[in-house]
Amino acid sequence: MLPWENLPVLRNQQVYRMPSVSSIRATLIKCCQDQQQVQKGGSPMKQGVPSSPSIPLIDPLDSYYLLNPSGDLSSTQSEFENWFRDQDFEGKCGTAPAVEELAEALRSHDLFIYFGHGSGAQYIPEHEVKKLESCAATLLMGCSSGSLYLHGCYAPRGAPLCYLFAGSPVIVANLWEVTDKDIDRFGKSMLDAILRERSNVSFRCDQCDTLSDKLESLKISDR
């Protein structure tokens, strides 16, 4: 898979990979259907196409992590174990949870974080992911975790497709083999940036609340 995202014209743009135009359409329809289930008075679909689906909101503090389930990535575990606990994330470290536990984590959390070998398919098979009716945003920080595998004339297969079709709003994965230290540095920088952005958004909301309280105390009324 060619690294189109690294083209000079795209370096300052947000770039997303999708398998096909039809997969984009299917994702939008599913997003709209999910919104209509949780919101009253949702916009009806016309001819199977959602009218105005909104971008899913992902709370990074509602995360589940699977860290070094094989037990042989000691440097990765030492880098993230205490950090995940400090963030009060749920998850497993150094052991492999049951498939049912991982499936429930993908259903009930906003973000799934995996640091281990490959895509983690050895802990939750692709067919189990496909069964999910909803799925968390996913960070697969393993070697070639985002690779797709060709099978002759048949459609390609791979973990990213399974998570997308299960309803995951976004998957971040590696297209090639990468050293564990490089993955650790990249993953830590990305998670820091995500949490920092969430903190900034919350801070701006707090400022708005403070301003609203001050105006309320002044008893300013419309005339």
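The values are calculated or read from the model by the stated rules, or taken from the named source; none is laboratory data. On a predicted model such as this, the values are computed, not experimentally measured, just so you know. Please note: Cβ atoms are built from the backbone with ideal geometry, for glycine as well, and neighbour counts cover all protein chains shown.
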Take region 104-116 and flag every residue that is buried (at least 18 other Cβ atoms within 10 Å of the Cβ) and of a type outside the set (Ser, Thr, Tyr).
Ala105, Leu106, His109, Leu111, Phe112, Ile113, Phe115, Gly116
Yes/no for Ser52 being at pLDDT below 75, farther than 15 Å from Val170 by Cβ and among the small types (Gly, Ala, Ser):
yes
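Yes or no, residue by residue, for (1) among the acidic types (Asp, Glu); (2) modelled with pLDDT under 95; (3) surrounded by fewer than 16 Cβ atoms within 10 Å (Cβ to Cβ); (4) touching a helix residue (DSSP H, G or I) at 6+ places or on another chain (Cβ under 8 Å):
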position: Gln47; (1), (2), (3), (4): no, yes, yes, no
position: Leu57; (1), (2), (3), (4): no, yes, yes, no
position: Val99; (1), (2), (3), (4): no, no, yes, yes
position: Leu140; (1), (2), (3), (4): no, no, no, yes
position: Cys143; (1), (2), (3), (4): no, yes, no, yes
Can you tell me which residue in region 127-157 is nearest to Glu177 (Cα to Cα), limited to those that are free of Cβ contacts under 8 Å to residues at least 60 places away in the same chain and among the aliphatic types (A, V, I, L, M)?
Met141
Test result for Leu73, modelled with pLDDT of 80 or more, crowded, with 17+ Cβ neighbours inside 10 Å and within 17 Å of Asp110 (Cα to Cα)
no
Please determine, by comparing only the residues of region 108-135 that are of a type in the set (A, V, I, L, M) and not in a loop (DSSP other than H, G, I, E, B), which one is nearest to Ala173 (Cα to Cα).
Ile113
Checked region 57-107 for anything assigned to a helix (DSSP H, G or I), within 25 Å of His127 (Cβ to Cβ), out of contact with any Gly (no Cβ under 9 Å at 6 or more places or on another chain) and touching a residue at least 12 places away in the same chain (Cβ under 8 Å); matches are Val99, Ala103, Leu106, Arg107
